[in-house]
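Peer 1: What follows is a single structure, and I will ask about it in a moment.
The values are calculated or read from the model by the stated rules, or taken from the named source; none is laboratory data. Just so it is clear, the structure is predicted and the values come from calculations on it, not from any experiment. Reconstructed Cβ throughout: ideal geometry from the backbone, glycine too, with neighbour counts over all protein chains shown.
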Amino acid sequence: MCPDDRRLSAYFDGEIPEALQQSVVQHIEECSLCSGKLKHLTEIRRELKEAPEPNLEDSMDRVWRKIQSKKAEKEVSNFWNRKIYIPVPVASAAIFLFLVLAISFIILLNKEGENDVAEVPIQEEVINVNVKNLEELLEYLNSQDTVVEVTIRLPEEHIFHLAGEPRLLRAVDYKGK
Ligand SMILES: [Zn+2]
């Protein structure tokens, strides 16, 4: 009678009681089925020994990079940090819009603590200011003591180049920048 697989495997690993060993050896010599199984076990052991050790450092690196890129994706989707990709003509208009937003933040921040905005008499008048560049516009706006709404009329037939990436800032983060 053939030893069961567990016993055969134990014999293969040298973990069989000495008293049983002799009978198993004898059986294997006579039984092609069991000697075949043993041969198979030997092959498996050899293959396992020859198989290269898995490169843990490499796979750790890969996993780490994946985590990082997932994290980056999340950061990008964060509203205040997101990168905005828009066609260039729209982008140039958008930059102006953001600058105007930033400008109104400054003005509102400057007002804070000095006097109540509501007490400032509301005057509505349209002033046309011709400025050559944004620095001039900023200078003009900073020299104004009131909360102003700015409409920027872009020059006609002018080619705009996207020179940077618009960045959104919260008013609370703007202080000191
Ligand atoms: Zn057998």
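Peer 1: Name the pairs whose Cβ atoms lie under 7 Å apart, with the first residue in segment 12-33 and assigned by TED's automatic domain parsing to the domain that holds Arg46, the second of a type outside the set (A, V, I, L, M, F, W, C) and assigned to a loop (DSSP other than H, G, I, E, B), and 6 or more positions between them or separate chains?
Peer 2: Filtered contacts from segment 12-33: Val24/Pro3; His27/Pro3.
Peer 1: Of everything in segment 30-60, what is within 10 Å of the ligand (Cβ to nearest atom), surrounded by fewer than 15 Cβ atoms within 10 Å (Cβ to Cβ) and of a type outside the set (Ser, Thr, Tyr)? Give them in sequence order. Let's see the steps before the verdict.
Peer 2: Here is the first cut: in segment 30-60, the residues within 10 Å of the ligand (Cβ to nearest atom) are 30-38.
Those still in the list that are surrounded by fewer than 15 Cβ atoms within 10 Å (Cβ to Cβ) too: 30, 32-33, 35-36.
Result: Glu30, Leu33, Gly36.
Peer 1: Filter segment 1-29 down to the residues that are among the acidic types (Asp, Glu) and in contact with a helix residue (DSSP H, G or I) (Cβ under 8 Å, 6 or more places away or on another chain), then identify the one that is surrounded by the most Cβ atoms within 10 Å (Cβ to Cβ).
Peer 2: Asp5
Peer 1: Something else now. Taking segment 1-29 only, how many residues are in a loop (DSSP other than H, G, I, E, B) and within 14 Å of the ligand (Cβ to nearest atom)?
Peer 2: Taking segment 1-29 and keeping what is in a loop (DSSP other than H, G, I, E, B), we get 1-4, 13-17.
Cutting the leftovers down to within 14 Å of the ligand (Cβ to nearest atom) gives us 1-4.
Matching residues across segment 1-29 total 4.
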